[in-house]
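Enquirer: What follows is a structure written as structure tokens; I'll ask about it next.
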Amino acid sequence: MSAAPAALYHAAPLHYLPHILQCGMLRCASVLAADGIAARPGARRRDRMLGLSDWVHLAPRARTPLLADKVRRGYPHALLIFDGPATLSLPGVALLPQNTKAWRARAAFEPVVDPASRARLMDDHLSHGRHPSMEILVQYALGLETLVRVALIDSTEAEMARDLTVRLGLARTAPLSIEPELFPGASSYYPQTLTSIADYFHACRAAGRLTAPPSIPFD
């Protein structure tokens, strides 16, 4: 693909971040379900209805409506930031002209996999501002080889994540950074579930390993 965003973004619940780093990949909803890990209920339903359960979703910008909603509701999230050109050059990558919340006919959400069609769609997006809610899809799983860094909203959440990942030997995967400017609504953010996440991270440290993610609201 000749044109590409400099970075691609994926927002993940903070308590899922250690598992993502441990397994070394982002996994699609169908694969997560097989492992007993819940995806977002709304997104899971839309993906199933639209035939997109086998795809990992990325955005060409950080400040998405999805992330704004999570910040507004006080659900701690991490923002995984991938190298755009390197990720788009991987096999199994497709484009979706609009995000799944548009809820149009299923045919409108057929992933664009043809290289020439992908190039035209991306050029329309980058050069002309078309398809503002476009998504990048990766089939089944996306390894972390092109992960540049993981952004957190504040120092408290960054230190929580850093402490656990260092103790369990996961910190080498990618650096953690504090970048509130990437989180829409960060100035009024108040986490609602941070105590539960801290308890979970403490239990993992005490066990010396990651245990199954608990049922902490994030959607």
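The values are calculated or read from the model by the stated rules, or taken from the named source; none is laboratory data. Values in this document were obtained by computation on a predicted structure and should not be read as measured data. Reconstructed Cβ throughout: ideal geometry from the backbone, glycine too, with neighbour counts over all protein chains shown. In case anyone asks, the SASA skips ligands and DNA or RNA and just uses the protein heavy atoms, side chains included. Shrake-Rupley method; radii C 1.70, N 1.55, O 1.52, S 1.80 Å.
Enquirer: Residue under question is Ala43, and the condition is that it be among the small types (Gly, Ala, Ser), modelled with pLDDT of 95 or more and touching a strand residue (DSSP E or B) at 6+ places or on another chain (Cβ under 9 Å); does it hold? Talk me through it step by step, then tell me what you get.
Expert: Working: among the small types (Gly, Ala, Ser): yes; modelled with pLDDT of 95 or more: no; touching a strand residue (DSSP E or B) at 6+ places or on another chain (Cβ under 9 Å): yes.
Criteria not met by Ala43.
Enquirer: Quick check: is even one residue across the range 168-190 more than 21 Å from Leu67 (Cβ to Cβ) and of a type in the set (Phe, Trp, Tyr)?
Expert: no
Enquirer: Any idea which residue in the range 171-202 is nearest to the chain's Cα centre (by Cα), counting only those that are of a type in the set (D, E, K, R) and not in a loop (DSSP other than H, G, I, E, B)?
Expert: Filtering the range 171-202 for residues of a type in the set (D, E, K, R) gives 172, 179, 181, 199.
From what's left, not in a loop (DSSP other than H, G, I, E, B): 172, 181, 199.
On the way: Arg172: 19, Glu181: 17, Asp199: 23 Å.
Among them, the one singled out is Glu181.
Enquirer: Now, a different point. Any residue at all in the range 151-159 that's open to solvent by 70 Å² or more (accessible area, probe 1.4 Å), at pLDDT below 95 and assigned to a helix (DSSP H, G or I)? It would help to see each step written out before you state the result.
Expert: First, pick out the residues of the range 151-159 that are open to solvent by 70 Å² or more (accessible area, probe 1.4 Å): 156, 159.
Now narrow it down to the ones that are at pLDDT below 95: none.
Scanning the range 151-159, I find no residue that is open to solvent by 70 Å² or more (accessible area, probe 1.4 Å), at pLDDT below 95 and assigned to a helix (DSSP H, G or I), so the answer is no.
Enquirer: Here is a follow-up. Do we have Ser117 as closer than 21 Å to Trp55 by Cα, hydroxyl-bearing (Ser, Thr, Tyr), at pLDDT below 95 and part of a loop (DSSP other than H, G, I, E, B) here?
Expert: No.
Enquirer: I've got another one for you. Pull out all pairs, ordered by first then second residue, where Cβ-Cβ is under 7 Å, the residues are six or more apart or on different chains, the first lies in the range 109-129 and is surrounded by 14 or more Cβ atoms within 10 Å (Cβ to Cβ), and the second is assigned to a helix (DSSP H, G or I).
Expert: Phe109/Leu50; Phe109/Thr100; Val112/Arg118; Val112/Leu121
Enquirer: Taking the stated definitions as given, is Arg73 among the basic types (Lys, Arg), at pLDDT below 95 and over 22 Å from Leu176 (Cα atoms)? Reasoning before the result, please.
Expert: Working: among the basic types (Lys, Arg): yes; at pLDDT below 95: no; over 22 Å from Leu176 (Cα atoms): yes.
For Arg73, the condition - among the basic types (Lys, Arg), at pLDDT below 95 and over 22 Å from Leu176 (Cα atoms) - is not met.
Enquirer: Which is out of contact with any helix residue (DSSP H, G or I) (no Cβ under 6 Å at 6 or more places or on another chain), without any contact (Cβ under 8 Å) to a residue 40 or more places away in the chain and either basic (Lys, Arg) or surrounded by 14 or more Cβ atoms within 10 Å (Cβ to Cβ) (or both), of Pro60, Pro97?
Expert: Details: Pro60 fails: without any contact (Cβ under 8 Å) to a residue 40 or more places away in the chain.
Matching residue, one of Pro60, Pro97: Pro97.
Enquirer: Which residues, taken from the range 174-202, are within 19 Å of Gln22 (Cα to Cα) and open to solvent by less than 50 Å² (accessible area, probe 1.4 Å)?
Expert: Answer for the range 174-202, where residues must be within 19 Å of Gln22 (Cα to Cα) and open to solvent by less than 50 Å² (accessible area, probe 1.4 Å): Ala174, Leu176, Ser177, Ile197, Ala198, Tyr200, Phe201.
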